[in-house]
Each structure stands twice: as C-alpha cells, then as structure tokens.
Amino acid sequence: MDIDPVPHLDELWRYARVLTRDDADADDLLQEALARALAMQHAYDRARPLAAWLMRIVRNTHLTGLGRRNTEQKGAVALVAAIDPACPPCQVEHVELRQVAEAVDALPREHAEILHLVGVLGYSYQDAADLLDVPVGTAMSRLSRARATLRALVRRAPGDERTPGLRVVIGGRNE
Amino acid sequence: MSDRVDLSDQEINAYLDGELNPERRLEVQALIARDGDLARRVMTDMHLTDAMKLAQKRPVHSPETIGRARRLHKALSRRRWFPNASRGLIAASLLLTGWFANSLSVPYRQAIRTADEAFALSIRDTIQVAELDEMVRTTFEPVDEKLQRLGAAVAVDVPELPRGWYVRQVRLQRIDGRRSVIVNAVSAEGAVSLVASPMNRKTSVPPTAVTDPTTPAVFWQQGATGYTLVGKNVRQDVLESVATSLTVASRRGLVPKIRG
C-alpha cells in the first residue's frame with residue numbers, strides 16, 4: 001500500500017480549494033491537515049488507501065478549524081443560486097472554462113464538494129457518501145441539486161442578475 | 001413523444017457517473033437516443049463535468065507543504081517497519097529469556113525427574129512383590145512349591161530346606177534394592193531365617209561367619225545367588241554347619257517347576 005502523501009498533494013489541494021474557495025486558504029488548510037495527519041498517524045489503517053484517509057482529514061480540518069469560520073464569513077456574502085424546479089431543460093452548448101470555474105465557486109460548498117468528488121475525482125456514490133458522512137441517497141440528491149444549480153449558473157450570462165428561475169441564497173439558506 | 005418521464009434526475013446522474021448496471025445503462029441510452037431534450041441535458045452535464053476537470057488549477061505547493069508531507073511519509077514508513085522490528089525483538093527477547101530460564105532449571109528438573117522415576121520404579125516393584133505375596137496368602141500352596149515359584153520369580157536359587165525345619169513364612173522383600181526370598185523357620189537349634197538374594201555377578205563364596213555380636217549370621221554365594229542364614233539364638237558354629245549343608249543342597253541346582 002502506497003504511504004507517500006506527496007503524489008496526492010495536488011488532489012488534496014484541489015479538494016481543499018473546493019472547500020475554502022480560495023487558493024491561499026487551500027494552502028493553509030492542506031498544511032494544517034498534513035500536520036493533523038502526522039499527529040494522528042497511529043489512527044491510519046494501512047489496509048485502506050492513504051488518499052481517502054487524507055481527504056477525510058482535509059475535510060474534518062476544514063469543518064473544525066479556522067478555515068471553516070473564514071469560509072462561512074465569505075459564504076454569507078456570496079451570491080449563491082439554487083435552481084427552480086420549474087426551470088426548463090438547459091441549453092448549454094458551450095461554456096468557457098473560466099465561466100465554469102466561477103460557477104463552481106458560486107455553488108454552495110456542499111454542492112461544489114459533491115460535484116468535485118464524483119465528477120472530478122471519480123468517487124463512487126458510496127465512497128463520496130462515506131467521506132461526507134451522509135447516506136448514499138443524500139449524496140445522490142445533493143449531486144442532483146448541484147448539477148441543476150451549476151447548469152443554471154452557467155446558463156446565466158455574466159452580470160445578468162435577472163435570470164428567470166434563479167433565487168438568491170445567502171449563507172446557504174434561502175432568503 | 002418523449003420518454004423523459006421514465007428517467008429521474010438521479011438516474012440521469014447515475015448514468016453520467018457510471019453507477020448504473022449494464023442493462024439499465026442500455027435502456028437509458030435508448031431513451032436518450034429518442035429524446036432530444038434529454039440528450040441535450042445529458043450532453044450539457046457531461047460538458048460541464050469535463051469543463052470542471054479542465055478548470056482545475058495546477059497548484060504549486062510551498063516548501064512547508066512538501067516538508068510536512070515528507071515528514072508524514074517518514075512517520076508512516078517508520079510505523080510500517082517499526083512494529084515488525086519491535087515484534088521481532090520481543091520474540092527474540094522471549095526466546096532468550098525462555099532459553100536462559102530453561103538452562104537454570106535443568107538441574108532441578110533433572111533431579112526431580114530422577115527422583116520421580118526412582119519413586120515410580122520403587123512403587124512398581126513393591127506392587128509386583130505384593131502381588132506375588134498376595135498369591136501366597138490367598139492360595140493354598142505347599143511350602144516347597146512356594147519356594148520354587150518365588151525363587152523363579154526373582155531369579156534366585158532356593159536350596160532344599162532341611163527336613164527338620166518347620167517353615168512358618170515364605171515371603172518376598174526388597175533388601176538393599178534386591179528382591180529377595182525370605183524363609184522364616186524353626187529348626188531344632190532355634191528360629192532361623194534364610195535370605196536368598198540375586199547378586200551382581202556369578203562367583204562362589206564359602207560359608208563365612210558375619211561378625212555380629214548380637215545376631216549370628218553366615219553368608220555364602222553359589223553362582224548368582226547370595227545366601228544369608230541368621231539365627232539370633234543359634235550358636236555360630238551350628239549356623240555354619242547348617243549353612244554348609246544348605247550349600248550342598250543348593251549345589252544340586254533345583255529346577256523350579258513350571259506351573260499352569
């Protein structure tokens with residue numbers, strides 16, 4: 001079993017970036033998570049993949065550390081969209097990568113997180129649910145909402161705040 | 001007509017994420033082929049997912065991050081090897097301790113084993129002797145036959161006893177580690193005891209007085225059997241005379257009968 005964390009640093013940083021929405025915060029979170037992993041080295045089960053263990057530590061560190069408070073402050077002022085169930089099928093034929101990156105940053109953290117785990121990292125629903133500590137059904141529902149929200153965000157033209165079917169969500173709660 | 005109603009969002013996602021079984025995957029593909037809206041929806045999600053992957057930044061990790069990752073690697077590597085090494089050391093220590101303790105206890109265990117074996121052998125022999133004696137006590141048996149049988153049992157030659165002796169008891173007894181036949185009799189000269197014991201080697205010893213002021217005794221040996229005649233109230237010269245007559249009798253070489 002591979003026990004070298006260096007090859008997994010990119011993957012860990014990107015996950016940290018999804019959680020913190022900020023490059024510098026992702027650096028800090030990753031470093032803090034590595035320090036925590038060092039302190040918790042005896043808890044590592046060598047029969048399980050190192051990357052999955054470190055991903056969990058990154059997430060727990062984010063949820064319990066300073067990064068969480070910082071992110072919550074940013075989340076309170078961020079413009080986040082949720083899809084209206086009545087929204088017609090999206091007609092996105094082509095998008096700029098920059099648009100997608102911005103849309104992902106605008107997603108609620110839990111939506112960005114499940115999209116990153118399943119869509120980018122290729123986690124199975126079960127693995128993602130395990131990491132997120134939620135039932136598989138919850139992870140699937142969250143993924144459906146995340147994809148719908150992303151479609152809506154990308155469909156909306158930059159600077160257009162009047163896109164039909166969108167509602168403004170502040171701090172993760174509908175206003 | 002659209003088949004869209006047959007597919008939920010979660011099923012579309014499961015198709016995109018490879019979570020459907022092959023059979024359902026084929027069905028979904030058939031539905032996508034017939035439904036233009038569904039096909040555009042699926043293509044959009046696939047496109048966005050690919051775009052998300054491409055939009056991933058390539059981070060440049062700080063030396064601090066790399067350093068922490070390497071420290072973690074070293075720690076995990078130590079954990080991988082150290083338990084095995086420590087287990088090996090513990091096993092070696094236990095082995096050496098056991099070896100040392102074994103060496104220390106060898107003399108005691110050997111002494112105990114010797115004592116135990118000697119004790120067991122003694123018990124076994126005593127039981128065998130008792131069994132032989134038991135036969136004498138529970139079965140009516142003429143004296144001469146008892147003598148021959150017990151003599152054969154312990155491999156000694158018992159001489160024919162003088163006709164004037166009244167035999168009171170014949171028994172087996174361990175004397176100085178040797179199974180011996182003891183005959184208690186009353187002779188015209190007084191009470192006498194004859195002891196026939198197996199000796200270590202064959203030789204011939206004539207009747208020899210044993211110097212004992214309280215109990216006159218005579219010893220002689222014929223072949224591998226040693227004889228001692230004791231008469232507490234019998235004069236020494238009389239004992240020697242009786243011993244001489246018994247020597248002649250033992251020289252005749254009595255052959256024990258085979259019974260049964």
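The values are calculated or read from the model by the stated rules, or taken from the named source; none is laboratory data. Keep in mind it's a predicted model, so treat the numbers as computed, not measured. Heads up, the Cβs are rebuilt from the backbone with ideal geometry, glycines too, and the neighbour counts pull from every protein chain shown. Each accessible area value is taken on the protein alone, full model and side chains, heavy atoms only, with ligands, DNA and RNA left out. Shrake-Rupley method; radii C 1.70, N 1.55, O 1.52, S 1.80 Å.
Observations
- Here the mean projected area of the convex hull built on the C-alpha positions of region B:176-228 is 4.2 nm².
- Only the Cβ atoms of Lys and Arg (+1) and of Asp and Glu (-1) were treated as charged; on that basis the dipole of region B:142-251 about its Cα centre amounts to roughly 360 debye.
- Neighbour cut-off at most 15 other Cβ (10 Å), DSSP loop, trypsin sites (Lys or Arg not before Pro), region B:160-193: B:163
- Globularity index of region B:4-54, i.e. its alpha-carbon radius of gyration over 2.2 N^0.38 Å: 1.10
- Couplings 3J(HN,Hα) for region B:175-184, derived from phi with the Karplus relation 6.51 cos²θ - 1.76 cosθ + 1.60 (θ = phi - 60°), are 10, 6, x, 10, 6, 10, 9, 10, 10, 9 Hz, where x marks Gly and Pro.
- Cα centroid separation - region A:21-59 against region A:117-153, whole Å: 21
- Averaged over A:54-63, number of beta-carbon atoms from partner chains that fall within 10 Å: 0
- Restricting the calculation to Cα atoms, every distinct pair contributes to the Kirkwood radius of region A:6-69, found to be 11.5 Å.
- Extension gain for residue B:93-residue B:237 works out to 44.3 nm (0.36 nm per residue, less the C-alpha to C-alpha distance).
- For the residues of A:35-45, the average number of beta carbons from a partner chain within 10 Å of their own beta carbon is 3.
- For region B:219-230, 3J(HN,Hα) computed residue by residue from phi via the Karplus equation (6.51, -1.76, 1.60; θ = phi - 60°) reads 10, 8, 9, 10, x, 9, 10, x, 10, 9, 10, 10 Hz, glycine and proline entered as x.
- Carbon and sulfur %, accessible surface of region A:6-69 computed with the full protein complex present, 1.4 Å: 52
- Backbone amide hydrogens, once placed in the peptide plane, bring residue B:208 within less than 5 Å of B:219, B:220, excluding anything fewer than 5 places away on its chain.
- The portion of the accessible surface of region B:153-231 made up by carbon and sulfur, rounded to a whole percent, is 50 (1.4 Å probe; DNA, RNA and ligands excluded).
- Take residue A:123: with every protein chain present and a 1.4 Å probe, its accessible area is about 40 Å².
- In the A-B interface, the accessible area buried, summed over both sides, Å² (probe 1.4 Å): 4300
- Ordering A:23, B:125 by accessible surface, largest first, gives A:23, B:125; the 1.4 Å probe counts only protein heavy atoms, with every chain in place.
- Descending semi-axes in whole angstrom, ellipsoid equivalent of region B:142-251, from the Cα gyration tensor: 19, 17, 13
- Probe 1.4 Å - accessible area at residue B:182, Å² to nearest ten: 10
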